[in-house]
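Let me begin by presenting the structure, written as structure tokens, before commenting on it.
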Amino acid sequence: MPHHQDGPDTQPADAAALPFTAPALNGIRRLTALETVRARIALAVDLGLLAPGERLPPTDQIAAALDVGEITVRRALSSLCQDGVLERRRGRNGGTRVTDRPTRGAVEATEAYRAQNTEVHALIDQRLVLECGLAHLAARNADEAAMTHLQHLADEMDQIPTWAEFHGCDERFHLAVAAATGVPAAAEAYRSVLRQLYRYYLPYPMDALRQSNREHHALIDALRDGDTAAAADVAREHVEALHQTMFVGLLEAADRQGR
């Protein structure tokens, strides 16, 4: 994922228009880069995706995963410590961690993400349509070099220790599947939707990400066998699950339980 130099704290403009009717993303576009980092980490804490006492990855890794500058991340983490969401510890096992009793709902900017329910579900559906088609084409067209690259990325993700590092490798994996189709226009359309959806990426528990990578391995097996139906089916299940596992699904589940 590209790393942005710190300048004015604004969100980057989209590189390309979405291939379908684009969701409005106005809520998060009004946030500064600093606010987006605060909101994404605080929302992950609110939802239990980052557990009390959990240590955060180094700031450079967080910056790459959230597509902002490292200075912005440092400022965001410092302010979240002041808000009672995070704390800094010294010593060998020090670093920035979620507090043992984190303050919930401390960051007002999380409301901009909570309000994007319809838009995020629409992006997931757009990705679903594209990803199933790309998996089908990749099963027909992927050559040995493409398969070797995909296997290397999935094996790498098996060893990655943090959500921040995993995210960048996950993006490279999915873009590599798109490239393996041999249809550049389709791959570019997919890239646009993926980048829009990644605006909403939150830190996730490594157990959930390991399960996601098991699905990557299943997709590789289907591609290697040239099984177009199986490849599309793995892709469908992989993306459909986002309706439940992304924060919009988790918030909806929490709302149902609270009624």
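The values are calculated or read from the model by the stated rules, or taken from the named source; none is laboratory data. Everything quoted here is computed from the prediction, not taken from an experiment. No Cβ is skipped: glycine too gets one built from the backbone with ideal geometry, and neighbour counts run over all protein chains shown. Just the protein is used for accessible areas: all its heavy atoms, side chains included, with ligands, DNA and RNA removed. Shrake-Rupley method; radii C 1.70, N 1.55, O 1.52, S 1.80 Å.
Annotations
- Positions within region 240-252 being open to solvent by less than 30 Å² (accessible area, probe 1.4 Å) and free of Cβ contacts under 8 Å to residues at least 24 places away in the same chain, in sequence order: G249
- Scanning region 51-70 for residues that are within 23 Å of Q196 (Cα to Cα) and either in a strand (DSSP E or B) or touching a residue at least 60 places away in the same chain (Cβ under 8 Å) (or both) turns up Q61, I62, A63, A64, A65, L66, D67, V68, G69, E70.
- Close pairs (6 angstrom Cβ cut-off, 6 or more residues apart or separate chains): farther than 15 Å from P57 by Cα in region 84-101, part of a loop (DSSP other than H, G, I, E, B) and aliphatic (A, V, I, L, M) anywhere: V85/A106
- If only residues of region 26-75 that are under 23 Å from P102 (Cα atoms) and of a type in the set (V, I, T) are counted, the one that is surrounded by the fewest Cβ atoms within 10 Å (Cβ to Cβ) is T59.
- Residue among S212, S192 that is touching a Phe, Trp or Tyr at 6+ places or on another chain (Cβ under 9 Å) and not basic (K, R): S212
- Scanning region 203-239 for residues that are open to solvent by 70 Å² or more (accessible area, probe 1.4 Å) and within 18 Å of the chain's Cα centre (by Cα) yields D207, Q211, R214, R236, E237.
- Answer residue from region 164-202, given it is among the hydroxyl-bearing types (S, T, Y) and under 12 Å from the mean Cα position of the chain (by Cα) and is surrounded by the fewest Cβ atoms within 10 Å (Cβ to Cβ) among those: Y198
- Region 76-99, residues that are in a helix (DSSP H, G or I) and either crowded, with 19+ Cβ neighbours inside 10 Å or at pLDDT below 95 (or both): A76, L77, L80
- On inspection, A145 fails the criterion of being out of contact with any Pro (no Cβ under 8 Å at 6 or more places or on another chain) and either in contact (Cβ under 8 Å) with a residue 24 or more places away in the chain or among the acidic types (D, E) (or both).
- Check on D83, within 21 Å of E165 (Cβ to Cβ) and of a type in the set (D, E): no
- Test result for A135, within 12 Å of H216 (Cβ to Cβ) and either open to solvent by less than 70 Å² (accessible area, probe 1.4 Å) or in contact with a Cys (Cβ under 8 Å, 6 or more places away or on another chain) (or both): yes
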